[in-house]
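J.: Following this message is one structure expressed as structure tokens.
FYI, it's all coordinate maths here, none of it is from the lab. Just so you know, these numbers come straight off a predicted model, no measurement behind them. Cβ coordinates were reconstructed from backbone atoms using ideal geometry, including for glycine residues, and neighbour counts include every protein chain displayed.
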């Protein structure tokens, strides 16, 4: 499954990453905070949370607002 990482600049395009790469980083570091772009669907984000939990990790998921507009947010997943 491909997922979009959070943009580093508002005008930049988000980069795609595969779930297996995220899991590999998590296994290596044992704890990780991932930020994902708002263009990801909520359904895809819940699928990522479920996959991390199936792999035996505790997951905290939330939307992070960084501006006053409704479309100025990103998703955060903190995996332990």
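J.: For region 33-80, name all the residues that are closer than 20 Å to residue 1 by Cβ and part of a loop (DSSP other than H, G, I, E, B).
T.: Residues satisfying the conditions are 37, 38, 39, 40, 41, 55, 56, 57.
J.: What is the number of the single condition among (1) under 21 Å from residue 80 (Cβ atoms); (2) without any contact (Cβ under 8 Å) to a residue 24 or more places away in the chain; (3) exposed (fewer than 11 other Cβ atoms within 10 Å of the Cβ) that residue 8 does not meet?
T.: (1)
J.: So, in region 16-32, exactly how many residues are touching a strand residue (DSSP E or B) at 6+ places or on another chain (Cβ under 7 Å) and either surrounded by 12 or more Cβ atoms within 10 Å (Cβ to Cβ) or assigned to a helix (DSSP H, G or I) (or both)?
T.: 6
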